[in-house]
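Have a look at the structure below before the remarks.
Read-outs throughout are calculated quantities, based only on the coordinates presented, and are distinct from any laboratory measurement. On a predicted model such as this, the values are computed, not experimentally measured, just so you know. Quick reminder, even Gly has a Cβ in these numbers, built from the backbone with ideal geometry, and neighbours come from all protein chains shown.
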Amino acid sequence: YQAKVAGLGVRAYDRGLDTAVRERRQLLEELRVALHPDAPEQIVVHFQPQVDAWSGEVVGAEALVRWQHPRLGLLYPDRFLDLAEEHGLMPALTHRVLHSAVASSRDWREEGRELRVSVNLSPSCLTDPRLLPTIDALLLDGEIRPDELMLEVTETSLMTNQDEALAALRAISRRGVGLSIDDYGTGFSSLSYMNILPATELKIDRSFTVRVVEDERTAAIVAGTAELAHRLGMRLVAEGTEDVAALHRVRELGCDISQGYLHSRPLAPPAFREWLGRQRAEAAV
Ligand code: C2E
Ligand code: MG
Ligand code: MG
Ligand code: MG
C-alpha cells in the first residue's frame with residue numbers, strides 16, 4: 001500500500017511537471033504569435049510618469065511592456081520576459097516597445113507635452129545588430145528627437161559581452177540618445193565603469209527608495225550616489241517612490257526625479273493621457 005501511494009505521488013508529480021512544461025510551451029507559441037508583425041495588438045505598452053522631485057512637473061515616462069493575453073488576461077513582464085529572452089524573441093519584443101513608445105511620445109507632443117520616454121533594453125538587445133538601425137530609422141524619420149529618447153540598461157547586462165555592449169552604448173550616445181543605468185546599486189556596480197559609460201542618468205533601485213526614510217545607512221548611500229551622479233553630469237532618479245515621506249527624503253538627499261506609485265502606477269496610453277491632462281489642470285489652479 002505504502003509503495004502504491006508513493007508511486008501515485010511520483011506519477012502525480014510527473015503529471016504536474018508535465019502540465020507546467022506543456023503550459024510553458026503553449027505560452028511560448030502564443031508569444032510567437034503575439035509578436036508576429038501582423039498579429040493583433042496583444043503586446044502593449046503602459047507608461048509610468050517621472051516627475052521633477054521638487055516641482056512635481058512631469059518630465060518623462062517609462063515604457064513598461066504588458067501582454068494582453070486572449071486567455072489569461074493582462075500579463076506582467078515577470079510572466080513572459082524570461083521566455084522571450086530564452087527563445088530569442090527579445091529583439092522582436094523590443095522593436096514593438098520602441099515603436100509604441102515613440103508613437104505615444106508623438107501623441108503627447110501633439111497635445112503640447114514634450115516628455116522624455118524611456119525604454120528598457122535587455123542584455124541580448126544591447127548586442128542585437130538590428131538595434132542601431134531601428135533607432136536610426138526612428139531618428140531619421142523625425143519620429144522622435146534623440147534627446148527625447150532614453151534607453152535603460154542594468155549594470156548586470158553590461159557584464160556579459162562587455163566590449164560589444166560598451167560599443168553599442170557609445171554608438172547610441174553619439175546619436176544624442178540618453179542612457180540610464182537601471183536598478184543602480186543592485187548589480188556589481190563597478191565604479192570604474194562610471195568612467196567609461198556614456199550614461200546620462202542613474203536610477204537607484206526601489207530597494208533603496210523604500211528604506212531611505214528609516215535607514216540612515218541607506219540614506220548615506222543615496223546621498224553619495226547623488227553626489228557621484230551630479231559630479232559626473234548625470235541625473236539621479238529614484239524609482240519606487242510610494243509615499244510622500246520617501247519623496248521628501250530622496251529629494252533632500254539629492255534625487256532629481258521621482259517615479260513611483262505615489263505619482264501614478266503604469267497606465268495604458270489613454271489613461272496616461274488623461275492623467276497628464278489632470279496634472280495640467282491641477283498645475284493651473
Ligand atoms: P524596471 O525597469 O526597474 O521597472 C520598474 C518596475 O517597478 C515596474 O514593474 C513598475 O511597475 C514597478 N514600480 C514602479 N513604481 C513602483 C512603486 O512605487 N512600487 C512598486 N512596488 N513597484 C513599482 P513592471 O512593469 O512589472 O516591470 C518589471 C521589470 O520588467 C522592469 O523593471 C524591467 O526590468 C522589465 N521590463 C518591463 N518592460 C520591459 C521592456 O519593454 N523590455 C525589457 N527588456 N524589460 C522590460
Ligand atoms: Mg526600467
Ligand atoms: Mg528600474
Ligand atoms: Mg527595478
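The angle separating the long axis of helix 162-174 from the principal Cα axis of greatest extent in the chain is about 40 degrees.
Along the charge dipole of the chain, which of Val213, Met90, Leu202 sits closest to the positive end, that is, farthest toward it, with unit charges on the beta carbon of Lys, Arg, Asp and Glu (+1, +1, -1, -1)? Projecting each Cα onto the dipole axis, the largest value belongs to Met90.
Per the Kirkwood formula on distinct C-alpha pairs, the Rh of the chain is how many angstrom?
On the way: mean 1/r = 0.0487 Å⁻¹.
Answer for the chain: a Kirkwood hydrodynamic radius of 20.5 Å.
The smallest convex shape that holds all Cα atoms of region 145-261, its convex hull, gives 96 Å³ per residue.
Please compute the net charge surrounding Gly73, taking Lys and Arg as +1 and Asp and Glu as -1 over other residues with Cβ under 12 Å from its Cβ.
Numbers: positive: Arg66, Arg71, Arg79; negative: none.
Combined, the nearby Lys, Arg, Asp and Glu give +3.
Antiparallel beta bridges, as assigned by DSSP with both residues in the chain, represent about 40 percent of the total such bridges. Among the GluC sites (Glu not before Pro) found in region 74-170, those both in a DSSP coil and sparsely packed, with 16 or fewer other Cβ atoms within 10 Å of their Cβ, are Glu111, Glu114, Glu143.
Using the alpha carbons alone, the radius of gyration of region 19-64 stands to its Kirkwood radius in an Rg to Rh ratio of 1.31. Averaging Cα coordinates gives a centre for region 178-209 and one for region 127-152; these two points are 21 Å apart. Taking the longest Cα principal axis of the chain as reference, the axis of helix 131-140 is set at about 40 degrees. Taking other residues whose beta carbon is less than 10 angstrom from the beta carbon of Thr186, and scoring Lys, Arg as +1 and Asp, Glu as -1, yields -3. Dividing the convex hull volume of the alpha-carbon atoms in region 125-205 by its residue count gives 82 Å³ per residue. Identify which of Arg22, Arg145, Arg273 has the largest mean-square fluctuation in a Gaussian network model of the chain, with springs joining Cα atoms closer than 10 Å. The residue with the greatest mean-square fluctuation here is Arg22. Rg and Dmax of region 21-178, both derived from C-alpha coordinates alone, stand at 16.2, 51 Å. What share of all Cα pairs of region 153-199, in percent, falls into each consecutive 5 Å distance bin? Per 5 Å bin, starting at 0, the Cα pair percentages come out as 5, 23, 35, 27, 9, 1. Axis angle, to the nearest 10 degrees, between helix 216-231 and the longest C-alpha principal axis of the chain: 60 degrees.
Taking a sphere under 11 Å around the Cβ of Leu139 and counting the other residues whose Cβ falls inside, with K and R at +1 and D and E at -1, yields a net charge of -3.
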